[in-house]
Amino acid sequence: MNTLTDYQVINDKAGNPAFVVIPYEDFRHIREEIEADNLTLSNEVVGKTVMEDKSLLCAWREYRNIPKEAMAQRMGMASGEYEAVEKQKQIPGKYRKAAAEILGTDERLLTDE
C-alpha cells in the first residue's frame, strides 16, 4: 500500500460518502493490520452506538460499568465537563488517551474516524 491509489467513493442519496471501493490487495493489507492489532468492539458497545445512538465513549463506559462521576474523577474533570465530552460523537484527542486507559481499550476504538 505504498503506492497512491484512487479509491472510488460511493455517496448516499444526500451526497454524503457511504462506501469506499478499494483494490483487493489494499483491503487484505488493511485487514491484516487490524487483525494484528486485535482491535475488536464488543457487541454491547456496537449495540449502544448503533441502536441507542450513544457516543463510543458513553457506550464503552457503560459496558465497563463505570459511573459518569467516577469516570469524570479519574479523568480529572468536573462531572459537567465530562458529560459534555461524552455527548460528543468524536472525542477530542486530548481526552481520548486518558479515557482509553481507564476503559482498558485502545484509543482507536473510541473514534470512528
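Brief remarks follow.
- Here the Gaussian network model covers the chain, with springs between Cα atoms less than 10 Å apart; of TYR82, TYR24, TYR95, TYR24 fluctuates the most.
- Note on the chain: GNM, Cα springs under 10 Å; of ASP53, ASP12, ASP26, the largest mean-square fluctuation is that of ASP12.
- Dipole-positive endmost among LEU110, VAL21, ALA84 within the chain (Cβ charges, Cα centre): ALA84
- Positive minus negative residues near ASP26 (Lys, Arg vs Asp, Glu; Cβ under 14 Å): -2
- Charge dipole (Cα centre; +1 on Lys/Arg Cβ, -1 on Asp/Glu Cβ; no other charges) of the chain amounts to roughly 400 debye.
- Between VAL20 and SER79, the simple label model (points 7 Å from Cα in the Cβ direction) yields a spacing of 4.1 nm.
- Region 1-106: GluC sites (Glu not before Pro) in DSSP coil with no more than 14 other Cβ atoms inside 10 Å: GLU52
- Projected onto planes of every orientation and averaged, the convex hull of the alpha-carbon atoms in region 43-110 covers 4.0 nm².
- Selected from GLY15, GLY47, GLY93 as most flexible by GNM, with the chain as the system and alpha-carbon contacts under 10 Å: GLY15
A short reminder: the numbers here are calculations on the coordinates, not readings from a lab. All figures in this text were calculated on a predicted structure; none of them were measured in a lab. Heads up, the Cβs are rebuilt from the backbone with ideal geometry, glycines too, and the neighbour counts pull from every protein chain shown.
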